[in-house]
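Here's the structure, in structure tokens; my notes come after.
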């Protein structure tokens, strides 16, 4: 079956630094990847949609300069949280989708803690 | 816009009890409907799905039927186990964009 690998699973960083999270589709080519954020005891909120080779589309209220998304290949998308602050601490999860059948396979998520 | 409403938790049940988690949706088109499960410390896993009206999704003893007339997709299981303790998310997917819209999640705690 379709497998999506997300790395790292947990990261602790200092306030003001940047953190990169990777999302890889291991056995299929993902034309679209989605990035979600989950606040404690709340649902997942879609942050942005990235299509391979084009700029990401951000949802309303998501700062594109703070959450940089790159989808340079059909198997890899990255989310970089720039100049992280404690309020950016959250659970970030990606999902990958292929136009012709494999849809919305999730990675295992990244727990980001900014101290 | 499209939205999903599911019952608030936590839901606490004894082992072998019957489970129902309600989910209703609003959508302009004909979405696909999903239930995802998130076990403690893990990411989301697809539990079951239904792509058209009257379809029944089922997996691991869980079932949900796509009811267009009531815009519902309630999750049921006849006999829960301690290992079913998790957060369950109802979601819909826009067919054109593949975007998932999630409900707020329902925490299920099954006690031995």
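The values are calculated or read from the model by the stated rules, or taken from the named source; none is laboratory data. Quick caveat, the model's predicted, so the values are computed rather than measured. Note that we place each Cβ from the backbone using ideal geometry, even for glycine, and neighbour counts take in every protein chain shown.
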Review point. Applying the selection to the range A:60-70, what residues are buried (at least 16 other Cβ atoms within 10 Å of the Cβ) and within 12 Å of chain B (Cβ to nearest Cβ)?
Key: none
Review point. For the range A:37-46, what are the residues that are free of Cβ contacts under 8 Å to residues at least 24 places away in the same chain and in contact with a strand residue (DSSP E or B) (Cβ under 7 Å, 6 or more places away or on another chain)?
Key: A:43, A:45, A:46
Check your understanding: Within the range B:26-38, is there a residue that is over 14 Å from the mean Cα position of the chain (by Cα) and either within 14 Å of another protein chain (Cβ to nearest Cβ) or crowded, with 20+ Cβ neighbours inside 10 Å (or both)?
Key -> yes
Check your understanding: With respect to residue A:84, is the statement that it is away from every other protein chain (no Cβ under 14 Å), in a loop (DSSP other than H, G, I, E, B), touching a residue at least 12 places away in the same chain (Cβ under 8 Å) and crowded, with 18+ Cβ neighbours inside 10 Å true?
Key -> yes
Check your understanding: How about the range A:76-107: which of its residues are farther than 19 Å from residue A:56 by Cβ and under 11 Å from the mean Cα position of the chain (by Cα)?
Key -> A:91
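Rundown of residues vs (1) within 19 Å of residue A:36 (Cα to Cα); (2) modelled with pLDDT under 95; (3) surrounded by 17 or more Cβ atoms within 10 Å (Cβ to Cβ); (4) within 14 Å of chain A (Cβ to nearest Cβ), yes/no style:
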site	(1), (2), (3), (4)
B:18	no, no, no, no
B:70	no, no, no, no
B:79	no, no, no, no
B:90	yes, no, yes, yes
B:100	yes, yes, yes, yes
B:105	yes, yes, yes, yes
B:110	no, no, yes, no
Review point. When only residues in the range A:25-39 that are under 12 Å from the mean Cα position of the chain (by Cα) and under 10 Å from residue A:96 (Cβ atoms) count, which is surrounded by the fewest Cβ atoms within 10 Å (Cβ to Cβ)?
Key: A:32
Revision key, fill the gap. Quick count over the range A:87-111, residues being within 14 Å of another protein chain (Cβ to nearest Cβ), buried (at least 19 other Cβ atoms within 10 Å of the Cβ) and not in a loop (DSSP other than H, G, I, E, B), is 10
**Study point:** the range A:61-77 - residue that is free of Cβ contacts under 8 Å to residues at least 24 places away in the same chain and part of a loop (DSSP other than H, G, I, E, B) and, of those, farthest from residue A:16 (Cα to Cα)
**Key:** A:61
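Residue-wise test of (1) in contact with a strand residue (DSSP E or B) (Cβ under 7 Å, 6 or more places away or on another chain); (2) closer than 26 Å to residue B:3 by Cβ; (3) in a loop (DSSP other than H, G, I, E, B).
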{"position": "A:5", "(1), (2), (3)": "yes, no, no"}
{"position": "A:17", "(1), (2), (3)": "no, no, yes"}
{"position": "A:54", "(1), (2), (3)": "no, no, yes"}
{"position": "A:79", "(1), (2), (3)": "yes, yes, no"}
Check your understanding: Residue check: is residue A:79 closer than 25 Å to residue B:97 by Cβ, more than 14 Å from chain B (Cβ to nearest Cβ) and buried (at least 19 other Cβ atoms within 10 Å of the Cβ)?
Key -> yes
